[in-house]
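Input: a single structure, listed below in structure tokens.
Values quoted throughout were computed directly from the atomic coordinates according to the rules given, and no laboratory measurement underlies them. This one's a predicted model, so the numbers in the text were calculated from it and none came from an experiment. Positions of Cβ are backbone-derived with ideal geometry, glycine not excepted, and every protein chain shown enters the neighbour counts.
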């Protein structure tokens, strides 16, 4: 199959975006564990891959922002990255977070100097609150529709290409990282297989691809607090139909076991959502094949929560 990238996501544009990222945004370690490759985005400066996109956006926007700065909506990790980038670039930032966002992530945003505005827990409620901030003169970024967010995410795919993967497994919420990684990798090698993973209780992209139309979940039930979107993003959904090879669901128990496995066997702290891809591999949801790489997308897990998971039977 021939993959033709959108004009805003050609390989030269993605490469330029990667080159412009600050040195603090690392090409993380590529490790092997029991025959599966691990891309350790949990070791990024903010604990997750989201710092790639927000730094790319800051590079594009910061000189034209007003005194009220930049805002976006996030369940947690994008908000933390926004706050870090706001301090790094000297830009005021505001994060729209759900009332159910984990308090530890909320405090990390505030610790970096970000402002927090709470909204309801659905994607629609977060988006409405975000657009309300635009009326106050704050420049907003809607990660569900903004292609430059995907350009920032796609820099991960460029870094992973060095491992020459044959299959890449990626946790998915709204689907941005999933399609962006594919945009990068399939332009390099169209035979690379891209598989997305969602928790069974937060499977909006799985259902959308299965039904051939964008699906909105009435409820989301998962401990993977980074993967709580009740519907895919509009732009990721459009792209996923061509650029994603498969989607699978994973159980909460498999995620818990994998978080513990990563601590014990790899000495890595990975949050539940970040471990979902490896959990799908370990539980047999994704057939094993040589050259499989899993994106560990985040490691922002409250210490007390991690301790509880490690000590439970």
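Data overview
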| item | result |
| --- | --- |
| Descending semi-axes in whole angstrom, ellipsoid equivalent of region 65-145, from the Cα gyration tensor | 17, 16, 9 |
| Among 57, 183, 82, residue whose mean-square fluctuation peaks in a GNM of the chain (springs only between Cα atoms under 10 Å) | 57 |
| Cα gyration tensor shape for region 109-212, rounded if a/c is under 1.5, else prolate or oblate | prolate |
| Percent of beta bridges antiparallel (DSSP, the chain, rounded to nearest 5) | 15 percent |
| Euclidean distance between Cα centres, region 5-19 to region 173-190, Å | 12 Å |
| Calculated over region 1-137: convex hull of Cα atoms, volume per residue (Å³) | 165 Å³ |
| Per-residue Cβ neighbour rank within 10 angstrom, fewest leading, 159, 121 | 121, 159 |
| Exposure proxy ranking, count of Cβ atoms within 10 Å, fewest first, for 247, 205 | 247, 205 |
| Top of 300, 230, 59 by mean-square fluctuation, Gaussian network on the chain, Cα under 10 Å | 59 |
| Rel. contact order, % - alpha carbon contacts under 8 angstrom, at least six apart, the chain | 20 percent |
| For region 26-41 versus region 79-158, the gap between their alpha-carbon centres in whole angstrom | 27 Å |
| Which labelled figure in (i) 38; (ii) 25; (iii) 52 is percent of Cα pairs over 30 Å apart, once derived from the coordinates | (ii) |
